[in-house]
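Remarks on the structure that follows.
The values are calculated or read from the model by the stated rules, or taken from the named source; none is laboratory data. The shown structure was predicted, so the numbers you read here are calculated from the model rather than taken from an experiment. Here the Cβ positions follow ideal geometry from the backbone for every residue, glycine too, while neighbour counts run over all protein chains shown. Ligands, DNA and RNA are excluded from the accessible area calculation, which covers all protein heavy atoms including side chains. Shrake-Rupley method; radii C 1.70, N 1.55, O 1.52, S 1.80 Å.
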Amino acid sequence: MSGFTRFGDQNPVGETYEVDPAGFEASLDAYRDEAGRTSADAINEGRPPEEDERQRIIVPPGDSVYVMGRQFTWGGLPVALEAGREYDIHLGARDVQHGFSIRPEQSLSQQINLQIFPDTEWVVPMTFEDPDEYHVICNEFCGAGHATMSGSLFVVDADEYDTVVGN
Amino acid sequence: MLATLSGLFENDYDDEGFRTCSVTGLEIHRSAEVHVKLFGLTAVIALIVGGVFALTVALTRWEVIGLVGEFDGYYRHLSMHAWNILIFWMVFMEIAILYVGGSMVLGRRLPFTSLAKVGYVLMLAGALGINYFIWTLSGGSDAPLLTAYVPLDVPPGFYASSIVFLLGATVAALPFLLTLWYEKRGNWSATLPLVTFGAFATFIIAVQAILGGLVAFSYALVWQVGLIDSINTGIYRQLYWIIGHGSQQINLLAMITVWYFLTHVVGGAVVVSEKISRSAFILYLFFINLGAAHHLMVDPGLSVEWRIFNTSYAFYGAALASMIHAFAIPAGLEAGRRQRGLGGGLFGWLTSAPWRNPIFASTIFSIIMFGFLGGISGVLMGQLQLNMTWHNTYATVGHFHATVALGTTLAFMGLVFFVIKTMFQRNFISDRLALLVPYGYSAAMGIAVLVMMYVGILFGVPRRTSEVVSNIPGSDFSLSAAEPLFWLIGPMTVLAVLVGVVFVLVAVGSLLLGSRTDSDDDRELLPDGGLRPDGGESVHAVEMRGTFTLCLIFMATFVAMYVLNWFLLTQLWEIGA
């Protein structure tokens, strides 16, 4: 276990910061304002998004990605990420505890789970290798409505990424 | 009716209130026996309530049926199931076990019975309060589930009731401590019997757990009523898991104590090494509470060193203790039976054992299922990195159903049967139905638990949700690939509940309608040749190669599961700094 934190590639480890939930939401909003947008159709069809399609899917402006749990949606999702690039995933919550449970659609057994607090920002680096649509489910009970809380994360082949996000 | 009920608490005692148990040979005082019965019966009632909700929860998670909807109170059902089975059935039984391990084994009266009664009333009031506040949740409030995580809006009355229950359990445990005090006061150098020693270790672990629980629930309560403005999520979780996991460690120690007791009485087991078994209990005292940190493995804000120290270096001390017991108890059974010449060959001692005795079968299945399913999965999920793939998935539910619902519940069912025979002195209304309980329950729960772990790890099915497999409301995505496996989990959990119903029917039916036992019935409970070994070879001269073989099989299973889990983990994308 200890050795794996040094030579292993999968560790639930990252910087943490005390934040107040409103402050974390402000960071998310600032990030969203700076971010671009694309669409699922553009990603699936491997083409640039039309201007009127640039709506739902967030294109991070840099290496930071913000994901915020809130009863009963995921702020910051859906998002389009480039395969093979290391992102800092900033995890936090607006109200109560949530669970960040993520897996690629094509391979359900590749799944991990991280706990999310409303008073802590957790920055966990991740590098997704396989292009796919990854699905995030809340896996900590967060009130009646919890079962409806899901979101997605598109990982796009590095060769296509700039095209489909319209850079 | 009242006469029948009060009749349950009567036996033939001598002028000083003692009687000699014709099965165990123990000198039993009326004061201890009536309280064991009182707490035991209340535990069974909690099991019935929790069992009803086991059915509604199982029929919801089997999404083909989807009995209780997300907004129709599913989380209230889940909370009722958790508290009544995981806490009330367990803790009421454990107080009874303390009185058995203390007063009964030592042949003393139960001192300060008023404390036992006050404790009982507080526990009952707390339990009723918790059930009330869960069931009457109004629109704006959140169901607590087992954990009552802040900052969910859980009613203050719920936290207050939890505090009352925990205080009650502390008061109810005091007569046990006083029993030991009186026993040792006149005779400091004499050693306690192993079962009493195990009960004492259980008591210490319980005190640690309860203190943590009182602090956690008080912290949440003062926040909920507005005495403090904010509450720290991570600190609550750390405090909560002192009781959240600690309560399960009480179960573990109580269960192991029951294993030693029942394998001896109905199986003819001896204690292979008093020193080793006692050392294992002491290892628990030092290390097992630290292991509760495995609930916080994928929490933010905790250092890697803190997480690894608690769940590996410290926790291995506790895992070692469990493996010592897991060796010592079957070894004791093998040695005890070989000493009497019961069964030759590698496993003759085991195949010749009283498998038609439901008390024996419950105990042995409890040991096997707890070790293979609960123990192995517990060590795996306690690894810092593997925990990412286990945390809050259905595999976790599989783990604690293997430990508590299979291991501890089976052992306690065996103990209830034993108490019916020896303390209530009633025959079962049907021996066949009684025997169905350990076999049917182990088979159904065993399959359910294995498949729960499978869908959790390999399909990522989360726990604590009303629907997610066939359909995630508002999403095109679902985990429907796991759907066929719920055709195993669903029917098997329902079957397990039905066997639970049979258990209750046999237990309650025998109490009300069973014939009084006579000395022939008592002899049937005992292993061939009576309770004590016939002398002859000393224990260390007896072969234990059957147990050694079982341990090797256990180790091979453990290694295979360990390698498989780490392999799956390394197939993931890069995560973490």
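Things worth noting here:
- At R0 = 45 Å, FRET efficiency that the Cβ-Cβ distance of B:H540 and B:T570 yields, to 0.05: 0.50
- Partner lysines for B:K421 [C-alpha distance under 19 Å; skip if fewer than 8 residues away on the same chain]: B:K37
- In this structure, the amide hydrogen of A:S64, modeled 1.01 Å from its nitrogen in the peptide plane, lies closer than 5 angstrom to those of A:D88, counting only residues at least 5 positions away or on a different chain.
- Relative to the globular-protein estimate of 2.2 N^0.38 Å, the Cα radius of gyration of the protein assembly as shown stands at 1.00.
- Shielding of B:289-301 by partner chains, average beta-carbon count, 10 Å: 4
- List B:T191, B:T56, B:T547, ordered by accessible area with a 1.4 Å probe, largest first: B:T191, B:T56, B:T547
- The equivalent ellipsoid of the range B:127-276 has semi-axes of 38, 16, 14 Å, largest first, where each one is the square root of 5 times an eigenvalue of the Cα gyration tensor.
- The range B:1-73: GluC sites (Glu not before Pro) falling in loop per DSSP and having at most 13 other Cβ within 10 Å: B:E10, B:E16
- Mean-position separation - Cα centroids, the range B:296-313 and the range B:376-414, in angstrom: 19
- Per residue value of the accessible surface for the protein assembly as shown (all protein chains in place, 1.4 Å probe), Å²: 37
- Point-to-point label distance, A:S2-A:E15, nm (Cα→Cβ direction, 7 Å offset): 2.6
- Carbon/sulfur fraction of accessible area - the protein assembly as shown, other protein chains in place, 1.4 Å, %: 62
- Shape category assigned to the range A:1-135 from the gyration tensor of Cα positions, a/c cut at 1.5: oblate
- Paramagnetic reach from B:D431 in the range B:1-38 [backbone N under 20 Å; point 7 Å along Cα→Cβ]: B:22-24
- Nearest 10 degrees, 0 to 90: helix B:30-61 Cα axis against chain B principal axis: 30
- Chains A and B together, accessible area buried on both sides, 1.4 angstrom probe, square angstrom: 5100
- For the range B:442-577, relative contact order (Cα pairs under 8 Å, six or more residues apart, normalised by length) works out to 18 percent.
- Distance (nanometres) between label positions extended 7 Å along Cα→Cβ at A:R85 and B:N11: 7.5
- With the Kirkwood sum run over all distinct C-alpha pairs, the range B:357-473 has a hydrodynamic radius of 15.3 Å.
- Taking 37 °C and 0.692 mPa s as conditions, the range B:383-451 diffuses translationally at an estimated 236 µm²/s according to Stokes-Einstein applied to its Kirkwood radius (Cα pairs).
- Estimated distance in nm for a label pair at B:D229 and B:L498, the labels positioned 7 Å out from Cα along Cα-to-Cβ: 5.8
- With a 10 Å cut-off around each Cβ of B:467-475, the average count of Cβ atoms from other chains is 4.
- Cα centroids of the range B:456-483 and the range B:342-370: 40 Å apart.
- Calculated FRET efficiency for the pair B:L128/B:S352, C-beta based, R₀ 51 Å, to 0.05: 0.60
- Gain upon complete extension [B:W135, B:V207; 0.36 nm per residue less C-alpha separation]: 23.0 nm
- DSSP loop trypsin sites (Lys or Arg not before Pro) with at most 16 other Cβ within 10 Å excluded, longest remaining stretch of chain A: A:86-167
- Peptides ranked, highest mean first, by Cβ atoms within 10 Å: ranges A:61-67, B:1-7: A:61-67, B:1-7
- Estimated from the Cβ-Cβ distance and a Förster radius of 51 angstrom, the FRET efficiency linking B:L505 and B:S303 is about 0.45.
- Convex hull projection area averaged over all views, the range B:30-134, Cα basis, nm²: 6.9
- Two-decimal log10 I(q)/I(0) for the range A:97-167, as the Debye equation yields it once each C-alpha is a single scatterer, q = 0.16, 0.27 Å⁻¹: -0.67, -1.23
- Measuring only protein heavy atoms, the 1.4 Å probe finds B:I45 accessible over about 100 Å².
- Stokes-Einstein D in µm²/s, Kirkwood radius over Cα pairs - chain B at 25 °C with 0.890 mPa s viscosity: 100
- Mean sequence separation of contacting Cα pairs (under 8 Å, at least six apart), scaled by the length of the range B:350-415, corresponds to a relative contact order of 51 percent.
- Shape index of the range B:291-364: Rg/Rh, with Rg the Cα radius of gyration and Rh the Kirkwood radius from the inverse mean 1/r over Cα pairs, equals 1.28.
- Whether the range B:439-529 is rounded, prolate or oblate, judged on the alpha carbon gyration tensor where a/c under 1.5 counts as rounded: prolate
- Of the two radii for the range A:20-60, the radius of gyration is 1.14 times the Kirkwood radius, both from the alpha carbons; that is the Rg over Rh value.
- Fully extending the segment from B:S475 to B:R516 would add 8.6 nm, taking 0.36 nm per residue of separation and subtracting the current Cα-Cα distance.
- The range B:471-577 - convex hull of the alpha-carbon atoms, volume per residue in Å³: 289
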